[in-house]
Amino acid sequence: MEPKHKPKLLDCDPSSQPAQFPTHRHPPELWEQLGRVIASFGFLEERLGHAISAITGAKKAPEEQAEEALDKWELTLAKALYDPLGKLIVDFENAVRAHQNVRILMIDELIDELKKVAAYRNPLCHGSWRAPDSRGQSEVFYVDRKLRRFETAIDVALLTELQSHIAHLACHVFNSVITLGCEPLDGKTSEET
């Protein structure tokens, strides 16, 4: 016996879609700025990893515990290469707070700002973009592990502002290493990176 109604297939023939589908409804400026934001997040993550490594590597250990401390630091170095942004922020905060010169940094403000920009990373990198509205703002469909939906409308202006803020934060992270009296691991200044 055949079903009374045949299921309809959705028409999503790749050859019949517009050029640049599914991103064709957004201006190229949005995609350029999004790319710059994502690249800036990558740079921030790298700076956090370097900072964690430099700050934790500056910690002195008694000679009888040196081997154990070195093994632990090697693990810290490895994790700083692959941990996600949120974990890097936590590890950076812990490293700074454990440093003897922590009082000379305004760490609370920096950590708060890092957490604010981190809230954009996964939605911008992994979200599904809806068509822009009449103001050029797009909803980005993204739900996190706690089933919280991303609610911020995104446009070129917000992405431009976010990219600039991420770059400034990366510089503050880099400068925190110097301020604490630690040596940057790569030995490069911010202009050389």
Please report Rg over Rh for the chain, where both radii come from the alpha carbon positions and Rh follows the Kirkwood definition. 1.14
Counting just the Cα atoms, what span does the stretch 104-168 cover along each of its three principal axes? Round to the nearest Å and put the largest first. 47, 28, 15
Using only the alpha-carbon atoms, how far is helix 85-98 inclined from the longest principal axis of the chain? Give it as 0 to 90 degrees, nearest 10. 20 degrees
Sum up the charges of everything whose Cβ sits under 12 Å from the Cβ of L30, counting Lys and Arg as +1 and Asp and Glu as -1, but leave L30 out. -1
Could you tell me how many degrees, from 0 to 90 and to the nearest 10, lie between the Cα long axis of helix 156-179 and the main elongation axis, the longest principal axis, of the Cα atoms of the chain? 10 degrees
Amide H contacts under 5 Å for A153, placed H, 5+ residues apart: none
Extension gain, R135 back to R97 (0.36 nm per residue minus Cα-Cα distance, nm): 9.3 nm
Local electrostatic count, F150, Cβ distance below 13 Å [Lys/Arg +1, Asp/Glu -1]: +3
Return one number: the angle in degrees, 0 to 90 and rounded to the nearest 10, between the long axis of the Cα atoms of helix 66-82 and the longest principal axis of the Cα atoms of the chain. 20 degrees
Could you work out [θ]222 nm for the chain from helices alone, using -39500 (n - 2.57) per DSSP H run of at least four and dividing by all its residues? Round to the nearest 500 deg cm²/dmol. -19000 deg cm²/dmol
Apply the Karplus parameterisation 6.51 cos²θ - 1.76 cosθ + 1.60, with θ equal to phi minus 60°, to every residue of the stretch 104-112 and state each ³J(HN,Hα) to the nearest whole Hz, in sequence, with x for glycine and proline. 8, 9, 8, 5, 4, 5, 4, 5, 4
Take every Cα pair under 8 Å in the stretch 44-129 that's 6+ residues apart, average their separations, divide by the length, and report that relative contact order as a whole percent. 35 percent
Charge sum, other residues only, whose C-beta stays under 13 Å from K87's C-beta, Lys/Arg counted +1 and Asp/Glu -1: -1
So what is log10(I(q)/I(0)) for the stretch 29-82 at q = 0.32 1/Å, when the Debye sum runs over its Cα atoms only? -1.13
Placing one identical point scatterer on every Cα of the stretch 63-129 and ignoring solvent, what is log10 I(q)/I(0) from the Debye formula at q = 0.15, 0.24 Å⁻¹? -0.65, -1.09
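Bear in mind these aren't lab numbers, they're just calculated from the coordinates by the rules spelled out. This structure is a prediction, so every number in the text was calculated from the model and none was measured. Please note: Cβ atoms are built from the backbone with ideal geometry, for glycine as well, and neighbour counts cover all protein chains shown.
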